[in-house]
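Trainee: Below is one structure. I have some questions about it.
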Amino acid sequence: MARHFLTLNDLTPQELDAVVDHASKLRNEWRQGKIRDTLRNRVLAMIFEKSSTRTRVSFEAGMTQLGGSALFLSPRDTQLGRGEPVEDSAIVISSMVDAVMIRTFDHDTVETFAASSSKPVINALTDDYHPCQLLADMQTFREHRGSIRGATVTWVGDGNNMCHSYMNAAAQFDFNLRIACPEGYDPDPNLLQAHADRVEVVRDPVEAARGSHLLVTDVWASMGQEDEQKAREKAFQEYQISPALMQVADKQALFMHCLPAHRGEEISADMMEHKSSVVWDEAENRLHAQKALLEFLILNRLD
(Lines give C-alpha, C1' and ligand atoms only; values in the text may rest on other atoms or scores of the structure.)
Protein backbone atom coordinates (compact mmCIF):
# COMPACT_ATOMS: atom_id res chain seq x y z
CA MET A 1 0.00 0.00 0.00
CA ALA A 2 1.54 3.32 -1.10
CA ARG A 3 2.09 6.06 1.46
CA HIS A 4 1.02 9.53 0.35
CA PHE A 5 1.93 13.06 1.49
CA LEU A 6 -1.15 15.22 0.95
CA THR A 7 -0.92 17.08 4.27
CA LEU A 8 1.50 16.98 7.19
CA ASN A 9 -0.98 14.71 8.96
CA ASP A 10 -0.11 11.84 6.61
CA LEU A 11 3.13 11.28 8.55
CA THR A 12 3.51 10.81 12.29
CA PRO A 13 5.40 13.44 14.30
CA GLN A 14 8.26 10.95 14.62
CA GLU A 15 8.35 10.37 10.85
CA LEU A 16 8.28 14.11 10.19
CA ASP A 17 11.19 14.63 12.58
CA ALA A 18 13.13 11.87 10.83
CA VAL A 19 12.47 13.38 7.37
CA VAL A 20 13.54 16.86 8.52
CA ASP A 21 16.73 15.54 10.14
CA HIS A 22 17.49 13.47 7.04
CA ALA A 23 16.99 16.58 4.91
CA SER A 24 19.74 18.38 6.83
CA LYS A 25 22.01 15.39 6.32
CA LEU A 26 21.31 15.46 2.57
CA ARG A 27 22.01 19.20 2.47
CA ASN A 28 25.39 18.66 4.12
CA GLU A 29 26.29 15.76 1.81
CA TRP A 30 25.30 17.80 -1.26
CA ARG A 31 27.45 20.73 -0.15
CA GLN A 32 30.38 18.36 0.34
CA GLY A 33 29.97 17.14 -3.23
CA LYS A 34 29.01 13.58 -2.28
CA ILE A 35 27.30 11.55 -5.02
CA ARG A 36 24.05 9.84 -3.99
CA ASP A 37 22.12 7.49 -6.27
CA THR A 38 19.48 6.02 -3.97
CA LEU A 39 16.75 6.66 -6.57
CA ARG A 40 18.65 5.39 -9.60
CA ASN A 41 16.25 4.32 -12.38
CA ARG A 42 13.31 5.79 -10.43
CA VAL A 43 10.94 8.24 -12.11
CA LEU A 44 8.85 11.04 -10.61
CA ALA A 45 5.87 12.35 -12.60
CA MET A 46 5.32 16.07 -11.93
CA ILE A 47 1.80 17.27 -12.77
CA PHE A 48 1.45 21.05 -12.82
CA GLU A 49 -1.92 22.74 -13.16
CA LYS A 50 -0.51 25.82 -11.39
CA SER A 51 2.69 27.53 -12.51
CA SER A 52 5.78 27.22 -10.37
CA THR A 53 9.44 28.17 -10.02
CA ARG A 54 10.73 26.68 -6.77
CA THR A 55 8.53 23.58 -6.85
CA ARG A 56 9.58 22.47 -10.32
CA VAL A 57 13.28 23.25 -9.88
CA SER A 58 13.49 21.61 -6.44
CA PHE A 59 11.70 18.38 -7.38
CA GLU A 60 13.40 18.00 -10.76
CA ALA A 61 16.88 18.80 -9.41
CA GLY A 62 16.23 16.62 -6.38
CA MET A 63 15.40 13.53 -8.43
CA THR A 64 18.47 14.12 -10.60
CA GLN A 65 20.73 14.52 -7.57
CA LEU A 66 19.45 11.18 -6.23
CA GLY A 67 20.16 9.43 -9.53
CA GLY A 68 16.58 9.39 -10.80
CA SER A 69 14.61 11.45 -13.29
CA ALA A 70 11.51 13.61 -13.38
CA LEU A 71 8.81 14.12 -16.03
CA PHE A 72 7.26 17.58 -16.26
CA LEU A 73 3.59 17.44 -17.25
CA SER A 74 1.87 20.77 -17.87
CA PRO A 75 -1.92 21.14 -18.25
CA ARG A 76 -1.35 20.87 -21.99
CA ASP A 77 0.42 17.53 -21.57
CA THR A 78 -2.19 15.61 -19.58
CA GLN A 79 -5.83 14.60 -19.83
CA LEU A 80 -6.64 15.80 -16.29
CA GLY A 81 -8.23 18.98 -17.60
CA ARG A 82 -9.84 17.42 -20.67
CA GLY A 83 -12.48 15.16 -19.29
CA GLU A 84 -10.60 11.98 -18.38
CA PRO A 85 -11.57 11.01 -14.83
CA VAL A 86 -8.80 11.77 -12.34
CA GLU A 87 -9.05 8.16 -11.14
CA ASP A 88 -8.24 6.83 -14.62
CA SER A 89 -5.25 9.14 -14.99
CA ALA A 90 -4.00 8.03 -11.57
CA ILE A 91 -4.18 4.34 -12.43
CA VAL A 92 -2.30 4.77 -15.71
CA ILE A 93 0.36 7.29 -14.61
CA SER A 94 1.15 5.46 -11.37
CA SER A 95 1.61 2.20 -13.29
CA MET A 96 4.53 3.78 -15.18
CA VAL A 97 6.39 5.82 -12.54
CA ASP A 98 7.59 5.48 -8.95
CA ALA A 99 5.91 8.57 -7.47
CA VAL A 100 3.63 11.41 -8.56
CA MET A 101 3.85 15.06 -7.52
CA ILE A 102 0.78 17.26 -8.13
CA ARG A 103 0.45 21.05 -7.95
CA THR A 104 -3.15 22.02 -8.56
CA PHE A 105 -6.07 24.14 -7.37
CA ASP A 106 -8.68 21.89 -5.75
CA HIS A 107 -7.38 19.75 -2.88
CA ASP A 108 -10.00 17.12 -3.79
CA THR A 109 -8.01 16.49 -6.98
CA VAL A 110 -4.94 15.21 -5.14
CA GLU A 111 -7.10 13.18 -2.74
CA THR A 112 -8.98 11.57 -5.63
CA PHE A 113 -5.73 10.91 -7.52
CA ALA A 114 -4.08 9.37 -4.45
CA ALA A 115 -7.05 7.09 -3.78
CA SER A 116 -6.51 5.40 -7.17
CA SER A 117 -2.71 5.61 -7.35
CA SER A 118 -0.56 2.55 -6.78
CA LYS A 119 2.46 4.79 -6.07
CA PRO A 120 3.10 7.59 -3.55
CA VAL A 121 1.42 10.91 -4.32
CA ILE A 122 2.86 14.21 -3.06
CA ASN A 123 0.86 17.40 -2.70
CA ALA A 124 3.12 20.10 -4.11
CA LEU A 125 0.50 22.78 -3.36
CA THR A 126 -3.26 23.04 -3.52
CA ASP A 127 -5.58 25.90 -2.60
CA ASP A 128 -5.89 24.35 0.87
CA TYR A 129 -2.40 23.10 1.83
CA HIS A 130 1.30 23.42 1.05
CA PRO A 131 2.97 20.72 3.19
CA CYS A 132 6.28 20.50 1.30
CA GLN A 133 7.02 24.13 2.17
CA LEU A 134 6.47 23.34 5.84
CA LEU A 135 9.08 20.57 5.73
CA ALA A 136 11.58 23.13 4.43
CA ASP A 137 10.52 25.72 7.03
CA MET A 138 10.83 23.26 9.91
CA GLN A 139 14.22 22.11 8.62
CA THR A 140 15.41 25.71 8.40
CA PHE A 141 14.28 26.59 11.91
CA ARG A 142 15.93 23.46 13.30
CA GLU A 143 19.22 24.22 11.53
CA HIS A 144 19.31 27.78 12.90
CA ARG A 145 17.67 27.50 16.33
CA GLY A 146 17.25 23.82 17.21
CA SER A 147 13.91 22.22 18.05
CA ILE A 148 10.78 24.30 17.51
CA ARG A 149 8.92 22.35 20.19
CA GLY A 150 7.26 24.71 22.66
CA ALA A 151 8.10 27.80 20.59
CA THR A 152 5.67 30.53 19.57
CA VAL A 153 5.20 31.11 15.84
CA THR A 154 3.35 34.09 14.35
CA TRP A 155 1.67 33.96 10.96
CA VAL A 156 1.01 37.43 9.53
CA GLY A 157 -1.42 37.77 6.62
CA ASP A 158 -4.04 35.75 4.78
CA GLY A 159 -5.52 32.56 6.26
CA ASN A 160 -4.47 30.68 3.13
CA ASN A 161 -2.98 27.29 2.24
CA MET A 162 0.34 28.15 3.93
CA CYS A 163 -1.50 29.25 7.05
CA HIS A 164 -3.46 25.97 7.06
CA SER A 165 -0.25 23.96 6.81
CA TYR A 166 1.24 25.98 9.67
CA MET A 167 -1.80 25.02 11.75
CA ASN A 168 -1.13 21.34 11.05
CA ALA A 169 2.55 21.89 11.79
CA ALA A 170 1.71 23.40 15.18
CA ALA A 171 0.20 20.07 16.19
CA GLN A 172 2.73 17.81 14.46
CA PHE A 173 5.86 19.71 15.58
CA ASP A 174 4.38 20.82 18.94
CA PHE A 175 4.49 24.62 18.88
CA ASN A 176 1.98 27.42 19.49
CA LEU A 177 0.68 29.49 16.58
CA ARG A 178 -0.74 33.00 16.54
CA ILE A 179 -2.47 34.05 13.33
CA ALA A 180 -2.59 37.79 12.66
CA CYS A 181 -5.12 38.49 9.92
CA PRO A 182 -7.87 41.03 9.25
CA GLU A 183 -11.50 40.04 9.68
CA GLY A 184 -12.85 38.28 6.63
CA TYR A 185 -9.54 36.57 5.88
CA ASP A 186 -9.49 33.96 8.64
CA PRO A 187 -8.30 30.40 7.98
CA ASP A 188 -10.72 27.49 7.74
CA PRO A 189 -12.96 27.54 10.87
CA ASN A 190 -12.95 23.74 11.14
CA LEU A 191 -9.16 23.70 11.24
CA LEU A 192 -9.20 26.48 13.83
CA GLN A 193 -11.56 24.49 15.99
CA ALA A 194 -9.51 21.31 15.59
CA HIS A 195 -6.36 23.12 16.73
CA ALA A 196 -7.94 25.41 19.33
CA ASP A 197 -5.54 24.14 22.01
CA ARG A 198 -2.51 25.67 20.29
CA VAL A 199 -3.73 28.08 17.58
CA GLU A 200 -5.34 31.50 18.10
CA VAL A 201 -6.34 34.41 15.87
CA VAL A 202 -5.00 37.78 17.05
CA ARG A 203 -6.17 40.81 15.05
CA ASP A 204 -3.32 43.11 16.12
CA PRO A 205 -0.08 42.03 14.36
CA VAL A 206 2.04 43.73 17.04
CA GLU A 207 0.39 41.73 19.81
CA ALA A 208 0.63 38.57 17.72
CA ALA A 209 4.36 39.09 17.17
CA ARG A 210 5.21 39.92 20.79
CA GLY A 211 7.83 37.47 22.10
CA SER A 212 7.43 35.19 19.06
CA HIS A 213 10.32 32.97 17.94
CA LEU A 214 9.38 32.90 14.24
CA LEU A 215 7.46 35.34 12.04
CA VAL A 216 6.14 34.05 8.72
CA THR A 217 4.09 35.55 5.91
CA ASP A 218 2.99 35.06 2.31
CA VAL A 219 1.67 37.26 -0.51
CA TRP A 220 -1.59 39.09 0.15
CA ALA A 221 -3.19 37.79 -3.06
CA SER A 222 -2.44 34.17 -3.94
CA MET A 223 -2.55 32.66 -7.41
CA GLY A 224 -6.06 33.07 -8.82
CA GLN A 225 -6.89 36.02 -6.53
CA GLU A 226 -5.30 38.74 -8.65
CA ASP A 227 -8.68 40.42 -9.23
CA GLU A 228 -8.89 40.97 -5.46
CA GLN A 229 -5.50 42.71 -5.30
CA LYS A 230 -6.78 46.25 -4.60
CA ALA A 231 -9.26 45.15 -1.92
CA ARG A 232 -6.61 43.01 -0.29
CA GLU A 233 -4.04 45.80 -0.31
CA LYS A 234 -6.49 47.91 1.67
CA ALA A 235 -7.43 45.12 4.10
CA PHE A 236 -3.85 44.01 4.76
CA GLN A 237 -2.04 47.35 4.91
CA GLU A 238 -1.37 46.96 8.67
CA TYR A 239 -0.21 43.37 8.23
CA GLN A 240 3.34 43.83 7.02
CA ILE A 241 6.44 42.20 8.49
CA SER A 242 9.14 44.83 8.95
CA PRO A 243 12.19 45.40 11.17
CA ALA A 244 9.86 47.37 13.48
CA LEU A 245 7.60 44.33 13.92
CA MET A 246 10.63 42.08 14.50
CA GLN A 247 11.60 44.41 17.36
CA VAL A 248 8.70 43.18 19.51
CA ALA A 249 9.45 39.52 18.77
CA ASP A 250 12.00 37.45 20.68
CA LYS A 251 15.50 38.83 20.14
CA GLN A 252 16.50 35.54 18.47
CA ALA A 253 13.38 35.44 16.27
CA LEU A 254 13.66 34.34 12.65
CA PHE A 255 11.77 35.62 9.61
CA MET A 256 10.54 33.32 6.81
CA HIS A 257 8.61 33.72 3.56
CA CYS A 258 7.77 30.92 1.09
CA LEU A 259 8.40 33.25 -1.89
CA PRO A 260 7.84 34.90 -4.27
CA ALA A 261 7.81 38.01 -2.07
CA HIS A 262 6.25 41.37 -2.89
CA ARG A 263 8.51 43.94 -1.23
CA GLY A 264 6.52 46.92 -0.01
CA GLU A 265 3.39 44.80 0.50
CA GLU A 266 3.47 41.84 2.93
CA ILE A 267 7.08 42.68 3.82
CA SER A 268 8.95 45.96 3.96
CA ALA A 269 11.48 46.65 1.21
CA ASP A 270 14.44 45.83 3.48
CA MET A 271 13.05 42.70 5.19
CA MET A 272 14.64 40.05 2.97
CA GLU A 273 18.10 41.32 3.94
CA HIS A 274 17.27 41.76 7.64
CA LYS A 275 19.49 39.95 10.17
CA SER A 276 16.52 37.75 11.18
CA SER A 277 15.85 36.63 7.59
CA VAL A 278 16.57 33.00 6.64
CA VAL A 279 14.51 33.05 3.44
CA TRP A 280 17.34 31.95 1.15
CA ASP A 281 18.18 28.92 3.31
CA GLU A 282 14.46 28.23 3.51
CA ALA A 283 14.16 28.35 -0.29
CA GLU A 284 17.12 26.02 -0.84
CA ASN A 285 15.80 23.61 1.77
CA ARG A 286 12.80 22.86 -0.45
CA LEU A 287 15.32 20.86 -2.48
CA HIS A 288 16.72 18.87 0.43
CA ALA A 289 13.45 18.39 2.34
CA GLN A 290 11.80 17.00 -0.79
CA LYS A 291 14.75 14.71 -1.49
CA ALA A 292 14.32 13.29 2.02
CA LEU A 293 10.57 12.95 1.46
CA LEU A 294 11.07 11.20 -1.89
CA GLU A 295 13.47 8.68 -0.36
CA PHE A 296 11.06 8.07 2.52
CA LEU A 297 8.04 7.50 0.26
CA ILE A 298 9.69 5.61 -2.61
CA LEU A 299 12.17 3.48 -0.63
CA ASN A 300 10.09 3.33 2.56
CA ARG A 301 13.21 4.08 4.58
CA LEU A 302 15.74 6.78 5.41
CA ASP A 303 19.43 5.79 5.29
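The values are calculated or read from the model by the stated rules, or taken from the named source; none is laboratory data. No experiment lies behind these values; they were computed from the predicted model shown. Glycine gets a Cβ as well: all are built from the backbone with ideal geometry, and neighbour counts include every protein chain shown.
Trainee: Consider T140 carefully, then state whether it is of a type in the set (V, I, T), within 27 Å of E200 (Cα to Cα) and either surrounded by fewer than 24 Cβ atoms within 10 Å (Cβ to Cβ) or in the same structural domain as S51 (by TED's automatic domain parsing) (or both).
Mentor: It is false that T140 is of a type in the set (V, I, T), within 27 Å of E200 (Cα to Cα) and either surrounded by fewer than 24 Cβ atoms within 10 Å (Cβ to Cβ) or in the same structural domain as S51 (by TED's automatic domain parsing) (or both).
Trainee: Look through A196, A209 and report the one residue that is in the same structural domain as A151 (by TED's automatic domain parsing) and either basic (K, R) or out of contact with any helix residue (DSSP H, G or I) (no Cβ under 8 Å at 6 or more places or on another chain) (or both).
Mentor: A196
Trainee: Report the residue count in the stretch 85-134 for those that are farther than 14 Å from L6 by Cβ, out of contact with any helix residue (DSSP H, G or I) (no Cβ under 9 Å at 6 or more places or on another chain) and either in contact (Cβ under 8 Å) with a residue 40 or more places away in the chain or of a type in the set (K, R) (or both).
Mentor: 3
Trainee: For residues that are out of contact with any Cys (no Cβ under 6 Å at 6 or more places or on another chain) and closer than 28 Å to E238 by Cα, tally how many sit in the stretch 128-144.
Mentor: 10
Trainee: Give the residues of the stretch 135-154 that are touching a helix residue (DSSP H, G or I) at 6+ places or on another chain (Cβ under 7 Å) and charged (D, E, K, R), sorted by residue number.
Mentor: D137, R142, E143
Trainee: So in the stretch 96-126, with the set limited to residues that are among the hydrophobic types (A, V, I, L, M, F, W, C) and in a helix (DSSP H, G or I), which one is surrounded by the most Cβ atoms within 10 Å (Cβ to Cβ)?
Mentor: Checked the stretch 96-126; the qualifying residue surrounded by the most Cβ atoms within 10 Å (Cβ to Cβ) is V110.
Trainee: Here is a further query. Among (1) hydrophobic (A, V, I, L, M, F, W, C); (2) more than 15 Å from K291 (Cβ to Cβ); (3) touching a Phe, Trp or Tyr at 6+ places or on another chain (Cβ under 7 Å), there is one condition A70 misses while meeting the rest; what is its number?
Mentor: Here A70 meets the rest and fails (2).
Trainee: I need a count of the residues in the stretch 199-234 that are farther than 13 Å from V156 by Cβ and either over 20 Å from the mean Cα position of the chain (by Cα) or among the small types (G, A, S) (or both).
Mentor: 14
Trainee: Which of the residues belonging to the stretch 145-181 are part of a loop (DSSP other than H, G, I, E, B), farther than 20 Å from E238 by Cβ and touching a residue at least 60 places away in the same chain (Cβ under 8 Å)?
Mentor: Residues satisfying the conditions are I148, A151, F173, D174.
Trainee: I've got another one for you. Which of (1) touching a helix residue (DSSP H, G or I) at 6+ places or on another chain (Cβ under 6 Å); (2) under 27 Å from R54 (Cβ atoms) does M246 not meet, given it meets every other one?
Mentor: Looking at each condition in turn, M246 falls short on (1).
Trainee: Filter the stretch 47-98 down to the residues that are modelled with pLDDT of 95 or more and on the phi > 0 side of the Ramachandran plot and list them by number.
Mentor: G67
Trainee: Let me ask something else. Can you tell me which residues in the stretch 182-216 are touching a Phe, Trp or Tyr at 6+ places or on another chain (Cβ under 7 Å) and either outside any helix (DSSP H, G or I) or more than 27 Å from R145 (Cβ to Cβ) (or both)?
Mentor: Of everything in the stretch 182-216, those that are touching a Phe, Trp or Tyr at 6+ places or on another chain (Cβ under 7 Å) and either outside any helix (DSSP H, G or I) or more than 27 Å from R145 (Cβ to Cβ) (or both) turn out to be P182, L214, L215, V216.
Trainee: Considering only residues that are free of Cβ contacts under 8 Å to residues at least 60 places away in the same chain, over 11 Å from W220 (Cα atoms) and either touching a strand residue (DSSP E or B) at 6+ places or on another chain (Cβ under 6 Å) or crowded, with 19+ Cβ neighbours inside 10 Å (or both), which ones fall in the stretch 233-273?
Mentor: M246, A253, F255, H257, A269, M271
Trainee: Going by what's in this entry, would Y129 be described as within 30 Å of E60 (Cα to Cα) and assigned to a loop (DSSP other than H, G, I, E, B)?
Mentor: yes
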